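Some notes on the structure that comes next.
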Amino acid sequence: MLYMEISAIMNLQQIENEALHLPEEARAQLAQKLFDSLDARAESDRVSIEWLLEAQRRAEDLDRGIVRPIPSEEVAHKARALLG
């Protein structure tokens, strides 16, 4: 396991060294792609958390009787009727 960690660090150092020797425009493009990849992950996590909170809110509404569940068949029937 330690060998893999050392190997990964060496590979990261090699990548960093290569990247730092790229022309400025190429470094900027690489930096943007790396940043976007982090931002996409953060956005995905944020959306997942928001959906979890929404699911919890809906479950609480059902438990309290604020809303009533509608069978999927009924929803599908109404959707087909609306779409004509």
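The values are calculated or read from the model by the stated rules, or taken from the named source; none is laboratory data. Predicted model, so just to flag it, every value in this text is computed and none were measured. So basically every Cβ, Gly included, is an ideal-geometry build from the backbone, and we count neighbours across all protein chains shown.
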Please go through the stretch 7-44 and pick out each residue that is among the hydrophobic types (A, V, I, L, M, F, W, C) and modelled with pLDDT of 85 or more.
Leu12, Ile15, Ala19, Leu20, Leu22, Ala26, Ala28, Leu30, Ala31, Leu34, Phe35
List, please: which pairs have Cβ atoms under 9 Å, are six or more places apart or on different chains, and start with a residue in the stretch 31-60 that is closer than 26 Å to Ala19 by Cβ and surrounded by 10 or more Cβ atoms within 10 Å (Cβ to Cβ) and end with one that is at pLDDT 80 or above and not hydroxyl-bearing (Ser, Thr, Tyr)?
Ala31/Ala19
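Residue-by-condition table, conditions (1) hydrophobic (A, V, I, L, M, F, W, C); (2) in a helix (DSSP H, G or I):
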| residue | (1), (2) |
| --- | --- |
| Glu43 | no, yes |
| Arg46 | no, yes |
| Ile49 | yes, yes |
| Glu60 | no, yes |
| Ile66 | yes, no |
| Glu73 | no, yes |
